[in-house]
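For reference, the structure is listed below as structure tokens.
The values are calculated or read from the model by the stated rules, or taken from the named source; none is laboratory data. Since the model is a prediction, treat every value here as computed from it, not as a measurement. Positions of Cβ are generated from backbone atoms using ideal geometry, with glycine treated the same way; all protein chains shown enter the neighbour counts.
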Amino acid sequence: MSDIGDYMTEKPISLPVDATVEEAAQSMKLHNIGSLFIKNGDEFVGIVTQTDFAQKVISKGMETETTSVSEIMTSPMFTMDRYATIEEANAFMRKHKIGHLGVTDDDKIVGILSISNLLNYFTQRVFRMSE
């Protein structure tokens, strides 16, 4: 069994809690990512995803230049220890219908696990089995 720490993206991109939705969108585009962690000082307090943009910003006609990410972020965010298995993380993410999961080590965020990370893992596993 593989640990999620082996497949996570380390050093996830984050923005301060007072950043605007516009800044979040620009950062996600710049880094070609589907989510951002939100911080209050040194503490991770939430996550903003592409789904949040669609469901909370676009559908409600919010102003991206004046709306704070704190208004649309999911908080608290779901997390799992880096030594949890990929299978455990997959089941957890399916159960909670989430596409991104904060990865912790000693209760500190050390990375992010996304559906893309899971897809890479399962794809590699299928190819190894077919060899």
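The single condition from (1) more than 25 Å from residue 16 (Cα to Cα); (2) among the acidic types (Asp, Glu); (3) under 15 Å from the mean Cα position of the chain (by Cα) that residue 88 fails is (3). Within segment 22-50, residues that are closer than 16 Å to residue 115 by Cβ have Cβ atoms under 7 Å from residues that are among the aromatic types (Phe, Trp, Tyr) in these pairs: 47/37, counting only partners at least 6 apart in sequence or on another chain. Scanning segment 88-97 turns up no residue that is surrounded by 17 or more Cβ atoms within 10 Å (Cβ to Cβ), free of Cβ contacts under 8 Å to residues at least 60 places away in the same chain and not in a helix (DSSP H, G or I). Specify the residue that is surrounded by the fewest Cβ atoms within 10 Å (Cβ to Cβ); the eligible residues are those in segment 63-85 that are under 19 Å from residue 108 (Cα atoms) and out of contact with any strand residue (DSSP E or B) (no Cβ under 6 Å at 6 or more places or on another chain). That would be 76. Within segment 2-21, is even one residue over 29 Å from residue 124 (Cβ atoms), surrounded by 14 or more Cβ atoms within 10 Å (Cβ to Cβ) and at pLDDT below 90? Checking segment 2-21: not a single residue is over 29 Å from residue 124 (Cβ atoms), surrounded by 14 or more Cβ atoms within 10 Å (Cβ to Cβ) and at pLDDT below 90.
May I ask you to verify whether residue 102 is exposed (fewer than 14 other Cβ atoms within 10 Å of the Cβ) and either at pLDDT 95 or above or out of contact with any helix residue (DSSP H, G or I) (no Cβ under 9 Å at 6 or more places or on another chain) (or both)? No; evaluated as a whole, the condition is false for this residue. Of all residues in segment 16-47 being touching a Phe, Trp or Tyr at 6+ places or on another chain (Cβ under 8 Å) and assigned to a strand (DSSP E or B), which is nearest to residue 107 (Cα to Cα)? Only one residue tops the list, namely 44.
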